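Structure first, commentary second.
The values are calculated or read from the model by the stated rules, or taken from the named source; none is laboratory data. Every value quoted in this text rests on a predicted model; they were computed, and no experiment measured them. Cβ: placed from backbone, ideal geometry, glycine included. Neighbour counts: every protein chain shown.
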Amino acid sequence: MTGPLKSLKVIEFGGIGPGPFCAMMLADMGADVIRLDRKSDKGRDRGSPGFLTAGRRSVLHRGRRSIAVDLKSPVDRDKVLALLDGADALIEGYRPGVMERLGLGPDVLLARNPRLVYGRMTGWGQDGPLAQAAGHDINYIALSGALSTIGRKAGGPIAPAAMVGDLGGGGMMLAFGIMCGVFEARNSGRGQVVDAAVLDGAALLTSIVCELRGIGHWKDERESNLLDGGSHFYDTYECADGQWISIGALEPQFYALLLEKLQIEDPEFQRQRDPAAWASLKAKMAAVFRSQPSAHWCALLENTDVCFAPVLSTGEAARHPHNAARATFFESQGVVQPSPAPRFSRTPARRPLPAPYIGEHDDELL
């Protein structure tokens with residue numbers, strides 16, 4: 001183990017989506033994360049999101065050890081309790097009340113290990129009218145207000161592949177919450193419960209929209225605002241070859257450079273900050289970008305202050321020269337995946353090990 005969290009020990013109760021992403025983040029930074037998987041799945045691979053697969057190791061399960069247990073077995077539960085006695089933190093993603101019924105609720109575990117940080121990951125939260133209802137990423141970000149801001153005006157909201165909800169609003173917020181709890185526990189000697197809800201985290205991610213709305217600069221209609229594709233200088237455009245590029249020329253000096261690079265002399269483009277002009281200017285700019293393939297625009301605009309980037313797939317992103325130079329992605333067992341982030345100067349994280357087979361570390365740990 002290496003990285004800034006190499007002294008941290010975490011027990012992860014196997015789940016899907018946000019819980020494993022939280023555990024992955026902690027393991028990437030050097031934490032010793034032990035994942036508890038179902039004994040009935042012992043010896044098998046586990047893919048994402050939680051599907052058993054053949055020959056593929058899950059990206060979200062990388063970098064930790066796995067033991068296979070039956071939490072309903074008193075013998076196995078005692079082994080789990082012994083592991084938790086020496087842990088700094090726990091991650092669980094069951095519906096509220098399940099851990100209590102298993103005899104592994106916060107009251108039991110904090111009585112045994114008063115410094116334990118008990119991380120709970122749910123969609124709706126531990127309480128409230130919806131706490132016991134089933135749901136998925138798309139439902140949580142819908143109720144948070146985040147989903148309403150994503151997509152085109154005519155086409156309706158578009159769910160961004162579990163990134164805003166499960167991963168950003170859920171797993172990442174839980175990782176932050178656990179580290180806050182561990183920091184506090186090392187000062188006070190007392191652990192606590194971290195109630196991380198995807199709904200709450202996704203709502204927090206709408207802070208910039210709430211800020212703009214509060215000062216009168218946000219309309220509750222997609223493609224009507226500065227940052228949601230409403231303006232002609234902050235949007236994506238299709239090129240002659242069907243590829244897409246992005247423009248983010250917000251500041252006046254960057255916008256002026258964009259017009260210069262595109263050789264646009266139409267005086268209407270001087271109305272940069274006039275929302276009444278955006279629709280017509282966007283149509284004109286779209287015609288400019290459709291006139292040439294994406295390679296032309298990359299050669300002309302990339303690495304300038306225009307604020308430009310091509311829109312790449314994850315496979316293409318890994319091959320881009322900038323990402324390649326920084327090793328932003330790496331390949332493990334045939335799967336291209338993102339490298340640990342952020343980066344540390346003195347205690348850097350190493351490339352994560354592949355996800356373990358379920359129960360691979362039973363003999364070592366039990």
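Quick one: count up the residues across the stretch 195-213 that are closer than 14 Å to residue 141 by Cα and surrounded by fewer than 17 Cβ atoms within 10 Å (Cβ to Cβ). Qualifying residue count, the stretch 195-213: 2. Tell me which residues, restricted to the stretch 78-111, are exposed (fewer than 15 other Cβ atoms within 10 Å of the Cβ) and closer than 19 Å to residue 8 by Cα. Listed by number, the residues that qualify are 82, 85, 86.
Every residue, every condition in (1) modelled with pLDDT of 95 or more; (2) in contact with a strand residue (DSSP E or B) (Cβ under 8 Å, 6 or more places away or on another chain); (3) within 23 Å of residue 8 (Cβ to Cβ), yes or no:
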residue: 268; (1), (2), (3): yes, no, no
residue: 286; (1), (2), (3): yes, yes, no
residue: 294; (1), (2), (3): yes, yes, no
residue: 322; (1), (2), (3): yes, no, no
residue: 341; (1), (2), (3): yes, no, yes
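Being touching a residue at least 12 places away in the same chain (Cβ under 8 Å), in contact with a Phe, Trp or Tyr (Cβ under 9 Å, 6 or more places away or on another chain) and among the polar types (S, T, N, Q) is a property that holds for residue 132. Filtering the stretch 296-333 to residues that are free of Cβ contacts under 8 Å to residues at least 40 places away in the same chain and either part of a loop (DSSP other than H, G, I, E, B) or closer than 25 Å to residue 232 by Cα (or both) leaves 299, 300, 302, 303, 312, 313, 317, 320, 327, 328.
A Cβ distance below 6 Å, combined with a sequence gap of six or more or placement on separate chains, defines the contacts here; from the stretch 169-194, residues that are farther than 29 Å from residue 136 by Cβ reach residues that are in a helix (DSSP H, G or I) in the pairs 191/110; 191/185. Just name the residue that is farthest from residue 274 (Cα to Cα) out of those in the stretch 225-242 that are in contact (Cβ under 8 Å) with a residue 40 or more places away in the chain and surrounded by fewer than 16 Cβ atoms within 10 Å (Cβ to Cβ). The qualifying residue farthest from residue 274 (Cα to Cα) is 241.
Assess whether residue 125 counts as being modelled with pLDDT of 95 or more, within 30 Å of residue 340 (Cβ to Cβ) and in contact with a Ser or Thr (Cβ under 9 Å, 6 or more places away or on another chain). No: the conditions fail for residue 125.
Filter the stretch 273-294 down to the residues that are polar (S, T, N, Q) and surrounded by 13 or more Cβ atoms within 10 Å (Cβ to Cβ), then identify the one that is nearest to the chain's Cα centre (by Cα).
Going residue by residue through the stretch 273-294, those that are polar (S, T, N, Q) are 280, 291-292, 294.
Now drop any that are not surrounded by 13 or more Cβ atoms within 10 Å (Cβ to Cβ), which leaves 292, 294.
Numbers: 292: 34, 294: 28 Å.
Across the stretch 273-294, the extreme among qualifying residues is 294.
Of all residues in the stretch 141-161, those being in a loop (DSSP other than H, G, I, E, B) and closer than 20 Å to residue 19 by Cα number 3. Of the listed requirements (1) under 20 Å from residue 290 (Cβ atoms); (2) out of contact with any Ser or Thr (no Cβ under 9 Å at 6 or more places or on another chain); (3) small (Gly, Ala, Ser), residue 242 misses just one: (2). In summary, helices (runs of 4 or more DSSP H) completely within the stretch 162-235 and bearing 3 or more residues that are aliphatic (A, V, I, L, M) and within 30 Å of residue 283 (Cβ to Cβ) occur at 207-214.
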